[in-house]
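The values are calculated or read from the model by the stated rules, or taken from the named source; none is laboratory data. Since we're looking at a predicted model, the values are computed, not measured. Counting neighbours? That spans all protein chains shown, and the Cβs are built from the backbone with ideal geometry, glycine included.
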Amino acid sequence: MNRLNSLSEALDLLVEPIEVNPDWETIAGQAARAGRRTSEPRLRRPSLRRALVLAAVVVAVVAAAAFATGLADRFSAWIGGAPGRPAPASEQKGFSARNGVALASFPAGTRLRILLRARVSGTSFDLLGFRNGDAYCLRLVRSKLPGAPGDNQCLRADELQGHVALIANNVYFSVGKPATTITGIYGFAADKVRAIRVTRARGTTSVGVTNNVFLALHGQLAGTFQHHLPPNPVLAVAAVLPGGALRNVPYVINGQGIFRGGKPPTVPSYFGPARASSIPGAPTRVSAPIDHPRISWLERRKKIGAPLPPQRYETFTFGRLIQPDPDDPIRIGIAVGPARGFTHSHAVTGTWVCQVYFQPLATSGGSTSCSPNVFQNGPMALGPGFDSPIVHLSGVAADGIVRVEAFLSTGRHVTAAIRDNVFSVAVPQAELGGELVGYNRSGQVAGIMPLWGNAVARPCPPAKFTTPVGQLPAAAKWEQVDLATRTVAGQTILGKTTDQVRAILGQPTLIRPRAQTVNSVSIPEYRYGGKTPATLGLSVTFVKKGDRILANDLYFQAPSLTDAKLGHVLRIQPEKLQQLIETTHGNRYRLYLGYGKDPSLGCTGAFHARSSAAGISFGVNPYRPSRPYIDIRANAQP
């Protein structure tokens, strides 16, 4: 037992509340004044000296534990050992029942405490908390479904250290009939944080902080495929400090990118790569390379850890289940089995090494990644993980690597848990990029693995029109559209069969017969005006409906494309095109997404038809702005 755990346990024993009668001394005093006697022995109050000694012990343990965790005067509700109140019996029972059958479970006997309750769109949610060794854990469940998987997240003290507030996880629930979509965030906040301000695509709200945690939820009707509101994602988060000052809490929007300083852009934007920079404090070279990286126990089929349960979609000849961190329930399955599938039309042969990721309270395996040579890129290999505001990086390290450190863009570095060649470390996604560094027993660098960084919001570039309208060739049949009726050359294309499309538009420049495969059925793509994605003028894609293959999407990027009322629509800047569609075809379409309003979707805008499930999107590829596009779809995407 390490010093931190022993201090934490001692602290929990000393400060766990004891049920006593709050009126005992009042009752005893009244009895004495009345001159009544009782056969019950009198309770002797401890002497002042004993009380001071006991208080000194408590203070010493509290101070030592706070010093060890680095959370003193910042997360007092948790340092005190008893945030909130004991969870309702139903939620404790539901958690224990699920924990008892989970493959990625917490220690038996884990006791939950309810930290706060929130109600949104008629649905009640409970945010529960508990300690697990050096980890501070949160569990979000619907109050009526205490045994459901819920949202679960555990952070060690060094993950909380240095943050005024930290978002632990995103929230997504679909409840009720008709369905309501409930989204949001939850996480930890230090003592000085008065509230958390959440900015969404539509509207800004603030929620309070209770027991050093917060929960911000928003509900809206999901609607039907034809009639529904656009999503309302979280865009920025800020901590409200005493006096009303705001502190940005970095947040990665939809897992893709960050607004600098938490300020949403005022112009159409997309998420583009950040400039590469060195990682503070990270080693720059490998000083002790491992020539032939291997996992010897796996090669010998040694039965370490626990047996890997059979997986639904994979067949393994040998597999084990490893828990790298005793304070984190995440388990990683390591297995070998016959390779399956095809590459370049040839069957894959040989043996694969696979990693299987098990989330907390999971009763079955999640994502799986397999490779014929797991160490083909170095002596460490990442497996699948759980992507959220906290990224769980798990993988395998070759024999000889005894320590793995994650160096982050902010200058922080976090030590990974490692056991039997399997490592795991949780880092805030907002602090990426970075590096994973593996060390041997002598402290030498044996391997370096770069970690991806976060994209940042950048202004959408203007469309570039390399050929003036007066120099464009006449529009071909497939370049003549009517956006009002979603027709091409005066005829409906969407919903037509492959033969009907060819009969109307002519023979394609290129046919991709197996552009998609659904249930072993090949679905084609027709290209007109060019053979590659960069040169094509029109791409017609199809979907399988029953036993028929029907046109579902018309993607245009031909400069000569003309609309019956708007003229050369791909020679109009996207923002202007949006205005023209609204004024000219507003009786047929409603604006669903303003151009560049959601950087996670890129430099795009979208209209939905008012009388059907169809829609139009438009925009530019920011990396190739000379080819703006319009996309006409039979089924508009949310």
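Among the residues of region 593-615, just one is buried (at least 22 other Cβ atoms within 10 Å of the Cβ) and assigned to a helix (DSSP H, G or I), namely Pro599.
Checked against (1) exposed (fewer than 13 other Cβ atoms within 10 Å of the Cβ); (2) over 29 Å from the mean Cα position of the chain (by Cα), Trp452 meets all criteria but (2). Residues that are of a type in the set (D, E, K, R), touching an Asp or Glu at 6+ places or on another chain (Cβ under 7 Å) and surrounded by fewer than 20 Cβ atoms within 10 Å (Cβ to Cβ) within region 106-135 comprise just one, Arg117.
Condition check: among the aliphatic types (A, V, I, L, M) and either in a loop (DSSP other than H, G, I, E, B) or out of contact with any Gly (no Cβ under 8 Å at 6 or more places or on another chain) (or both). Does Val267 satisfy that? Yes, satisfied. On the stretch given as region 523-548, residues that are surrounded by fewer than 19 Cβ atoms within 10 Å (Cβ to Cβ), among the aliphatic types (A, V, I, L, M) and under 13 Å from Pro559 (Cβ atoms) total 0.
Would you mention how many residues in region 157-175 are at pLDDT below 85, part of a loop (DSSP other than H, G, I, E, B) and surrounded by fewer than 20 Cβ atoms within 10 Å (Cβ to Cβ)? The qualifying residues number 2. None of Gly385, Gly400 is within 19 Å of Ala417 (Cβ to Cβ) and modelled with pLDDT of 90 or more except Gly400.
From the list Ile279, Ile290, the one residue that fits, being in contact with a Phe, Trp or Tyr (Cβ under 8 Å, 6 or more places away or on another chain), outside the structural domain of Leu235 (by TED's automatic domain parsing), in contact (Cβ under 8 Å) with a residue 12 or more places away in the chain and among the hydrophobic types (A, V, I, L, M, F, W, C), is Ile279.
Mind checking which residues of region 370-391 are within 18 Å of the chain's Cα centre (by Cα), surrounded by fewer than 21 Cβ atoms within 10 Å (Cβ to Cβ), under 26 Å from Arg294 (Cβ atoms) and not aliphatic (A, V, I, L, M)? Of everything in region 370-391, just one residue is within 18 Å of the chain's Cα centre (by Cα), surrounded by fewer than 21 Cβ atoms within 10 Å (Cβ to Cβ), under 26 Å from Arg294 (Cβ atoms) and not aliphatic (A, V, I, L, M), namely Pro384.
Within region 575-587, residues that are closer than 15 Å to Asp563 by Cα reach partners that are at pLDDT 95 or above and in a helix (DSSP H, G or I) with beta carbons closer than 8 Å, at six or more positions or on different chains, in the pairs Leu577/Val569. Phe318 - would you say it is at pLDDT below 90 and over 30 Å from Val141 (Cα atoms)? The answer is no for Phe318. State all residues of region 278-300 that are among the charged types (D, E, K, R) and in a loop (DSSP other than H, G, I, E, B); if no residue qualifies, say none. Of everything in region 278-300, those that are among the charged types (D, E, K, R) and in a loop (DSSP other than H, G, I, E, B) turn out to be Arg285, Asp291, Arg294, Arg300. The residues of region 560-580 that are under 12 Å from Ile630 (Cα atoms) and in a helix (DSSP H, G or I), listed by number, are Val569, Leu570, Arg571, Pro574, Leu577, Gln578. So is Pro524 over 29 Å from Gly594 (Cα atoms) and part of a loop (DSSP other than H, G, I, E, B) or not? It is false that Pro524 is over 29 Å from Gly594 (Cα atoms) and part of a loop (DSSP other than H, G, I, E, B).
Residues in region 581-592 that are surrounded by fewer than 21 Cβ atoms within 10 Å (Cβ to Cβ) and within 37 Å of the chain's Cα centre (by Cα): 6 in all. When region 399-458 is filtered for residues that are among the polar types (S, T, N, Q) and closer than 29 Å to Leu235 by Cβ, the ones remaining, listed by number, are Ser409, Thr410, Gln429, Asn454. Among the strands (runs of 3 or more DSSP E) confined to region 421-518, the ones with at least 3 residues that are more than 30 Å from Tyr555 (Cα to Cα) are located at 422-428, 434-439, 445-451. I'd like to know if region 616-623 contains one or more residues that are part of a strand (DSSP E or B), aromatic (Phe, Trp, Tyr), in the same structural domain as Thr487 (by TED's automatic domain parsing) and at pLDDT 95 or above. Among the residues of region 616-623, at least one is part of a strand (DSSP E or B), aromatic (Phe, Trp, Tyr), in the same structural domain as Thr487 (by TED's automatic domain parsing) and at pLDDT 95 or above, which makes the answer yes.
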